[in-house]
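Shown next, in structure tokens, is the structure this report addresses.
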Amino acid sequence: MLNYTIRRVLMLVPVLLGVSLGVFLVGALQADPTRIMLGQHATAEAVAALREELGLNDPILVQYGRYVLRLAQGDLGRSWLTHSPVSVEIKARFPHTVELTLAAMALAVVVGIVAGIISAVRQYSVADYTTMVGALLGVSMPIFWLGLMLISVFAVELRVLPVSGRLAAGVETGLRSEFYILEALFTGKWAVLWDLIKHLIMPAVALAAYSTALIARMTRSSMLEVVRQDYVRTARAKGLSERVVIYKHALKNALIPVVTVIGLQTGYLLGGAVLTETVFSWPGVGSLAVAAIQNSDYPLVQGCVLLVAAVFVFINLAVDLVYAWIDPRIHYA
Amino acid sequence: MGARRRVPAGKPGGESEAVLAARDAGLTQKTTGGLESLRIVWRRLKRHRLALSGFVLFLVLVFLALFAPWIAPYPPNQTDFPRSLKPPCREHLMGTDEFGRDVLSRVIYGARMSLQVGVISVGIALVLGVFLGALSGYVGGWVDNIIMRLMDIMLAFPAILLAISIMAVLGPGLTNAMIAIGIVTVPQYARIVRGSILSIKEHEYVEAARAIGCSQGKIIFRHILPNIMAPIIVRTTLGTSEAILEAAALGFLGLGVQPPTAEWGAMLSRAQRYIYTAPYLATFPGLAITATVLGLNLFGDGLRDALDPRLKE
Amino acid sequence: MRSKWLVALLAAALVLSLMAGCAKKQPAEAPKPPPEKILVFARGSDSVSLDPAMIVDGESAKVCNNIYDNLVRYKADSTEVEPALAESWESPDGIVWTFHLRKNVKFHDGTPFNAQAVKFNIDRQAPDVRVPDMAYADFTLGMIDKVEVIDDYTIRFTLKYPYAPFLLNLAMGLSAPICSPTAIQKYGADYGMHPVGTGPFIFERWDKEQQIVLKANPEWWGGKPKVDKLVFKVTKENAVRANELLAGEIDMMDGVDPNDVQRIQADPNVKLIQAPGMNINYMGFRVFKPPFNNQKVRQAVSMAIDRKTLVEHLYQGNSLLANGPLPPCLWGYVPELKPYDYDPEGAKALLAEAGYPNGFTMDLLCYPNPRGYNPVGGERLGEAIQADLAKVGIKVNLVSKAWKEHLAACAGTDGHAYLIGWMGDNGDPDNFLYILLHGSQSEGMNYSHYANPQVDDLLTKAQQTSNADERLALYKQAQEIIVRDAPWVFISHAMDMVAMRKNVTGFKIHPTSSIFLWNVDK
């Protein structure tokens, strides 16, 4: 296990380097960044001077080396549009994405597992069919459409939820961090929290739909498979009640593959956040990245992509390690 | 979207979405009969009603796409300002958009775009992925190492984000969207093929072929590829549905086809402006995407079951 | 196992009910002694920076307008200037300008306002020291030769040449507002996120992509603003923003979508103010290369586009049909101008005459987002034009790029035509005609590279004449030639529209589209 862990962690190095190269190329392959930076009235001399200043005339490998060195110092450059450091822009936005993703994850895990269990325990019942049809729809609907439909039903028609945004305008929140929900929860600002939750519901549901569906299907098939296995039969033969068999013996083992899916879904949710945040004007990294692309603000695009990829890589690492740890049947040489 | 069947970085050949992926891999070893068993598969598939209905749904899409000019009641780009933003009625079953264009006709023509993106981007991914995977699995050694590390790196980005980044480099447009989606899904194919080849390579009949002096290429194309068709077919089916979803997402973000071409994702993106005044504009293109993806998913799941020899007849 | 689940469930239920209970109880304990007056103004996108020297966009200017003062400012409903930080001024020859500054004014950070502060602001935008991002410096202040501090409250500008609209420039929201020198030195490159001015509102906080909060400056020389707090909220989608207004979640909004006008007007709790905007929305031809180097082809395309229908349906009547480069609300507008009328048959005949009997294929550069002069965005306008031109056999490829890239593309030589527009800065025709259509500006914003020596002459003359009637005559002559030459298709002038709750008072739409909120009450 220790060996595996070390090997697995070491493997991060080439992956992270590769990621940084890829991200670097997103910026480096632009035809001429100076035109965008200097605006349309730049003189040829100004362009040449800026190219020199940015080191765009150096060989690409030298440029990459410089980029990695800067990254190592935590310097992501400055946004071409707002001129503030990319790290500052991202720091202001990332907490929003984290809260949205965590909320969606929690929703997906709870609803997905519960629905999956019910479905498996009552195979071929109405509940089972409903769950499975819902799950099929869940994996087939585009997030952004689901988002639009939620908006048109709950915000436009019924008017029970706000259309978009994070918080009603002009509310004096007194919040100091960007982790609005966590902070409101811990400091007991209930009115603010309630407003935050109202804004969170639709984005979280839209983002969670796909993962919920997948987790439900996974839990169901995994449960069904485990139930057929010998040790479960033995447990039944011992005369244990069905409940004990299901929840004590079957569930524990059935959830092992589900854990992996959950981990992987975290990565998916980060990607899905790009679309969800755009639909709901959620001020996170996803909508930041989309806006940055629309503004050709490449340092900002690079920063967002790098951050999400790095987070994704570390989540995958964690998933692999957890998986190796909880599933004794797997041996990694 | 595409992250569905992704495997964690840095686990060469490891299938992590345990059950589904294990089944994918499981297909390889046991269907050594290759395509001859197609009949059995078809027989199983015929009994799988959900899968069949999925297939039919998909055929409807193909039909719409192929015969769009004859089916669509109006030309998709015919503007008619005085008739703009009419809710669904007899002349316009899905209403009209802000230019007075018939939404139904645009949804029908949109099927062409989706199908085109689905087929071509999956084609790109298939060719590159099978080639890289085969090379990796068959040659092994440092070639394998390099290719697989490259795949790991690509898998380190959430799919949609990688696609967007590639679009940021290539610029918006349909062709670029197809390329981006194709590239993003290459690792999925490469891994399946590599894993399958590794497990087949040592089988007797491959050894035998090698012994009688068959060339490397011949061994790959004659003996190995036919035997890994099953997982690839399943992946291709599901991959097409993912590609269609991703294309719609790119269109929604304004990175896909350029106006005035009718494309479902772009239609949805524009419908946002009319969510209060003409909500039907957002309804129909979304339904079309969902139906298409649903059809392919049902069919793909059915195929997987049909191709899985472990399931009882 | 089972008991653990139960406990967990119970705990969850408890937390939930607690939360629900508290949420309901909240209103009871809510009444706080001094109810602050908070005005929420919603708009379509966030500001880029709050450093007036660095910005080029309206969303940044909108906030800056309420934080900063200029030496002079526009009157509330015209582009005439009145004293602001300068109480009086004189210029005997149009070259040397002496300003007498207001005394006892302090920046929000306590720094005293004086002539040195003014000089600092001009100097940091001087050609030799300014950074490339100070895009407006040359346009607004480029004619200044030197700035001298005479005493603490007197400052003198010497221009390179007589420049009639100089005072108007000093009133502009871009590049001309006066910032605190201390703050600029303190924050350096990050000053744009920590703005400090002398104006009616003090910057409080900026939650990116969400809101910018300003609080009233009780010591403002113009008197304390009517509301205590000003929130500039970002709501991207036009339709959503309109809905927030109808629901009472916000007090005011701009960027009213033509598509939402009816909905807003139908609601008795909300009012919509419209005023003709000082802008032009147009399609420019690349007159330096085929096919549009031929006047007949330009004329044909002008005749093939049904501008009237565009205004009626695309803009749903919330724009005015253009008859030339200048909007009707601008001094110098000529009502009698006759641009080429819609006539597809005539267009076909002209095309045949010009050697294109079967039409041709052209690239039209456009942009995706709405702009002040084009509330539906460039792609939609492009699609409409595409459909019209298809009817006379011209195939249009839309080349849509993000705004900044679009500008860069327009400045280049790609494509055969481009969609763009212009919003007047200062209420002078020079600010439209010279910079957009003078031959010398081909390196600048005259993207079509239109250069008619006769027009150039007239425009230069008008710039250096101070007699208003003479200028008017010169501009009229120039416009007549321009309309005949048809370097652009003159499409429309968007109405400025601001919608607000019924109880909001004291707001006037300014001809420059600037949003001034110190007189607004609710």
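Any read-out appearing in this document is the output of simple, stated calculations on the displayed coordinates, not a laboratory observation. Quick caveat: nothing in here was measured; it's all calculated off a predicted structure. No Cβ is skipped: glycine too gets one built from the backbone with ideal geometry, and neighbour counts run over all protein chains shown.
Quick notes on this one:
- Highest average packing first - C:104-112, B:287-295, Cβ atoms within 10 Å: B:287-295, C:104-112
- Relative contact order (%) - criterion: Cα under 8 Å, at least six apart; region: chain C: 18
- Straight-line cross-link partners of A:LYS238 among the lysines, defined as a Cα under 17 Å from its Cα and at least 8 positions apart when in the same chain: A:LYS248.
- Of the beta bridges in the protein assembly as shown, as assigned by DSSP with both residues counted there, near 80 percent are antiparallel.
- Farthest toward the positive end of the dipole of chain A, out of A:ALA292, A:VAL110, A:HIS249, is the Cα of A:HIS249, where the dipole comes from beta carbon charges about the Cα centre.
- Residue ranges C:126-135, B:234-243 sort as B:234-243, C:126-135 when ordered by packing (mean number of other C-beta atoms within 10 Å per residue, highest first).
- Relative contact order for chain B, counting Cα pairs under 8 Å that sit 6 or more residues apart, in percent: 29
- Estimated D of the range B:66-297 in µm² per second, where Rh is the Kirkwood radius over Cα pairs and Stokes-Einstein applies at 37 °C, 0.692 mPa s: 168
- Proxy reagent accessibility, fewest Cβ within 10 Å first, across A:PHE280, B:PHE221: B:PHE221, A:PHE280
- Extent along the principal axes, Cα only, for the protein assembly as shown: 107, 78, 63 Å, with the longest axis given first.
- Each other residue within a Cβ distance under 14 Å of C:ASN104 adds +1 if Lys or Arg and -1 if Asp or Glu, for a net charge of -1.
- A Förster radius of 60 Å combined with the Cβ-Cβ distance from B:ILE146 to C:ALA473 puts the calculated FRET efficiency at roughly 0.20.
- Model label points for C:LEU321 and C:GLU82, set 7 angstrom from Cα along the Cα-to-Cβ axis, are 3.7 nm apart.
- Computed label-point distance, nm, for sites A:LEU21 and A:ARG159 using a 7 Å Cα→Cβ extension: 5.8
- Per residue of peptide A:270-276, the mean number of Cβ atoms on other chains within 10 Å of the residue Cβ is 6.
- Net dipole in debye of the range B:179-248 [+1 Lys, Arg Cβ; -1 Asp, Glu Cβ; about Cα centre; nearest 20]: 180
- Per-residue mean of foreign Cβ neighbours for B:247-259 is 5 (Cβ atoms of other chains, 10 Å radius).
- If R0 is 25 Å, the Cβ-Cβ spacing of C:THR465 and C:GLU336 corresponds to a FRET efficiency of close to 0.65.
- For the range A:86-326: rounded, prolate or oblate by the Cα gyration tensor [a/c cutoff 1.5]: prolate
- For chain C, the calculated P(r), taken from all Cα-Cα distances in 10 Å bins from zero up to the bin holding the longest distance, is 4, 17, 26, 24, 16, 7, 4, 2, 1, 0 percent.
- Computed Kirkwood radius, in angstrom, where 1/r is averaged over Cα pairs of the range B:216-270: 13.4
- Measuring between their Cα centroids, the range C:294-320 and the range A:124-161 lie 44 Å from each other.
- Highest-first packing order for the peptide set C:90-102, C:246-258 is C:246-258, C:90-102, based on the mean count of other beta carbon atoms within 10 Å.
- Of all complete DSSP H helices in chain A, those with a Cα span along the helix axis of 27 Å or greater and a mean Kyte-Doolittle hydropathy of 1.6 or more are A:298-326.
- Where a label projected 7 Å from the Cα of C:ASP145 along Cα→Cβ would reach, residues of the range C:80-97 with amide N under 13 Å: C:93-97
- Above 23 Å, the calculated P(r) of the range C:374-492 contains 38 percent of its Cα-Cα pairs.
- For C:SER448, net neighbour charge (Lys/Arg +1, Asp/Glu -1) across residues whose Cβ lies under 12 Å away: +2
- Label-point separation in nm, A:ARG122 to A:TYR4, each point 7 Å along Cα→Cβ: 3.8
- Computed over the range A:73-145, relative contact order equals 13 percent, with contacts defined as Cα pairs under 8 Å that lie 6+ residues apart.
- Förster radius 35 Å - calculated FRET efficiency between B:ILE71 and A:GLU225 (Cβ-Cβ, nearest 0.05): 0.20
- Inter-chain Cβ neighbour count for A:16-23, averaged per residue, equals 4 (cutoff 10 Å, partner chain atoms only).
- Net charge dipole size for the range B:66-297 [Lys, Arg +1 and Asp, Glu -1 on Cβ; Debye, nearest 20]: 140
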